[in-house]
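Since the structure comes first, as structure tokens, the remarks are kept for the end.
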Amino acid sequence: MKMVKVGIIGGGLMGREAASAFGRWFVLQDYPVQVALTAVCDLQEKVLAWYEKVPTVTLRTQHIDELLASDVDVVYVAVPHHLHEEIYVKVLRAGKDLLAEKPFGIDLAAAERIAAVARETGRFVRCSSEFPFLPGPQQVINDFRTQDFGKLLYIRSGFHHASDLDPNKPINWKRQVAYCGAIGVMGDLGMHAVHVPFRLGWVPQRVYAQLQKIYTERPDGKGGMAACDTWDNAMLHCEVDVNGQSVPMTIETKRMAPTETNTWFIEVVGTDGGVKYSTKQPKTLYRYRRDSTQSWCATDLGFESVHPTITGGIFEPGFPDCFLQMLASYFAERAGQLNGRFGCATMEEALLSHRLFAAALESARSRQVASLRSTRKIAL
Ligand SMILES: NC(=O)c1ccc[n+]([C@@H]2O[C@H](COP(=O)([O-])OP(=O)(O)OC[C@H]3O[C@@H](n4cnc5c(N)ncnc54)[C@H](O)[C@@H]3O)[C@@H](O)[C@H]2O)c1
């Protein structure tokens, strides 16, 4: 089996998560690609030092060009959003394939420039979004595709956090427009919320956005205060066409949603049936049926993964598992061996998410419904 060598640029929170997934690649069963993390680049010595414990890593460097000159085939880039364009383009121009962290550029213009280079170089590019790889979301997709929900009443998809409710939480780059982008929370959490809707073909043409900035400053960690200028919460009210029927779809991304530590959810509800799943109850899927009575029925899911693993079928999956599954889809698809399994978010889906978020900014500015620019050109 061919060994694919991987490098990481940006070894922080997500870089370490990826390293942990590569470190237990052997849990995948009958999987077609061997992968080894061999090189890591980060500006911080202490971040690089953490990777000393990863036996396959032979290059730890503070210089991106050194990593790109090594024999890595694929680079996973997990850096602040203002650096996405520069670093993604470097990776592509160096002839490497790219697993890009969301939101795939700080704004729509950056995403379009990255996409242009990806098309020109012909490299394999996908964008990170791992929650759909959990069994619950997979079952939601399967139910929608195989069952008759009657006339769809609504679609609701979102991702909620709560830790920003603490006004004493110090500022970090994700709360500052210069590093996170003007789209704020949508750039942080939005790709997660739109991946499944876009994959199911629910592409909004228009949006009405309610965006909130709740705390406008935070402790700077040095005894003073710093401006916290990103949007904290975003409610995107969209309308999508599902089988010729217009259906309301809300995309919710919130950093201030009381009690929600990291809650990804989706609900698809029609007159005769429906399905909903939330990581708040990570193994439970709810199905709505309208028979003689109306009821939500709860089913415990097991470890039904996209790619088979050695884990027992009744065990519960979590964040590290869906991240590993997402990586497994990346490398299987890159090798032409996805075989109908669920694939990572595509570049077109990432571009579409930026079109939605750009329209949301316009809507919030004008307090009117805004159209998405050139969504019709997107081939999903
Ligand atoms: N998929 C997910 O669930 C998920 C979760 C959190 C963050 N993210 C995304 O991952 C990316 C990184 O977020 P994070 O939370 O890991 O951030 P982080 O701050 O924990 O890590 C970023 C790392 O990048 C390094 N870095 C900065 N500039 C660099 C440069 N020029 N060259 C090399 N390294 C550099 C920093 O030193 C830091 O270690 C962002 O795009 C973010 O949106 C994704």
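Computed from the coordinates by the stated procedures, all read-outs in this text should not be read as laboratory data. Remember, it's a predicted structure, so these values are computed and weren't measured experimentally. Counting neighbours? That spans all protein chains shown, and the Cβs are built from the backbone with ideal geometry, glycine included.
Projected label points at S163 and N339, each 7 Å from Cα along the beta carbon direction, are separated by 3.8 nanometres.
Here's how it looks for T284: its modeled amide H is under 5 Å from those of L301, which are all 5 or more places away or on a different chain. The alpha carbon centroids of segment 62-134 and segment 40-57 are separated by 20 Å. Site pair V27 and I314 shows an inter-label distance of 1.9 nm when each label is modelled 7 Å from Cα along Cα→Cβ.
With the Cα gyration tensor of segment 161-252 giving a ≥ b ≥ c as the square roots of its eigenvalues, does the rule (a/c under 1.5 for rounded; else a/b larger than b/c for prolate; else oblate) give rounded, prolate or oblate? Here segment 161-252 falls in the prolate category.
In loop segments of segment 195-275 as defined by DSSP, the trypsin sites (Lys or Arg not before Pro) with at most 10 further C-beta atoms inside 10 Å of their C-beta are K222. Once you order the gyration tensor axes a ≥ b ≥ c over the Cα atoms, which shape class does segment 163-210 get: rounded for a/c under 1.5, otherwise prolate or oblate by comparing a/b with b/c? Prolate, since a/c reaches 1.5 and a/b exceeds b/c.
Under 5 Å between amide hydrogens, built in the peptide plane, is the criterion, and for R341 it picks out nothing among residues at least 5 positions away or on other chains.
Computed from phi, the 3J(HN,Hα) profile of segment 101-110 under the Karplus parametrisation 6.51, -1.76, 1.60 (θ = phi - 60°) reads 6, 6, x, 6, x, 6, 7, 4, 4, 5 Hz, with x in place of Gly and Pro. Positive-end ranking of L324, V185, P132 along the dipole of segment 132-371, with charges on Cβ about the Cα centre, is headed by V185. Given +1 at the Cβ of Lys and Arg, -1 at the Cβ of Asp and Glu and no other charges, the dipole of the chain around its Cα centre is 420 debye to the nearest 20. Projected label points at Y215 and D229, each 7 Å from Cα along the beta carbon direction, are separated by 1.9 nanometres.
Under a point-charge model restricted to the Cβ atoms of Lys and Arg (+1) and Asp and Glu (-1), what is the dipole moment magnitude of segment 193-344 relative to its Cα centre, in debye to the nearest 20? Don't jump to the answer; show the numbers that get you there.
Details: 15 positive and 16 negative charges, 10 e Å.
The calculation lands at about 40 debye.
For the chain, what proportion of DSSP beta bridges, expressed in % and rounded to the nearest 5, is antiparallel? Walk me through the numbers before you get to the answer.
Numbers: 49 of 76 bridges.
Among the beta bridges of the chain, antiparallel pairing accounts for roughly 65 percent.
Per-residue extension of 0.36 nm, minus the Cα-Cα distance of T261 and S246, leaves a gain of 2.1 nm for this segment. Farthest toward the positive end of the dipole of segment 226-353, out of P282, C238, G343, is the Cα of P282, where the dipole comes from beta carbon charges about the Cα centre. Remark: segment 162-173, residue by residue, has Karplus-estimated 3J(HN,Hα) of 10, 5, 6, 5, 7, x, 8, 5, x, 5, 8, 4 Hz, where x stands for each Gly or Pro and the curve is 6.51 cos²θ - 1.76 cosθ + 1.60 at θ = phi - 60°. Under the convention that each Lys and Arg Cβ holds +1 and each Asp and Glu Cβ holds -1, the size of the dipole of segment 3-127 around its Cα centre is about 180 debye.
If you keep only loop residues by DSSP, which trypsin sites (Lys or Arg not before Pro) in segment 105-178 have at most 12 other Cβ atoms within 10 Å of their Cβ? Each step should come with its number before you reach the end.
On the way: sites: R113, R119, R123, R126, R145, K151, R156, K174, R175; in loops: R123, K151.
Loop-located and lightly packed - K151.
Normalised radius of gyration (Cα atoms, divided by 2.2 N^0.38 Å) for segment 3-127: 1.02.
Would you calculate a helix-derived [θ] at 222 nm for the chain, using -39,500 (n - 2.57) for each DSSP H run of n ≥ 4 and dividing by the full residue count, to the nearest 500? Computed mean residue ellipticity for the chain: -9000 deg cm²/dmol.
Taken one residue at a time, the phi angles of segment 263-271 give Karplus couplings (6.51, -1.76, 1.60, θ = phi - 60°) of 9, 9, 8, 8, 9, 10, 10, x, 5 Hz. Gly and Pro are set to x. Placing unit charges on the Cβ atoms of the charged side chains and taking the dipole of segment 132-371 about its Cα centre, the candidate lying farthest along the positive direction among Q210, P248, M225 is M225.
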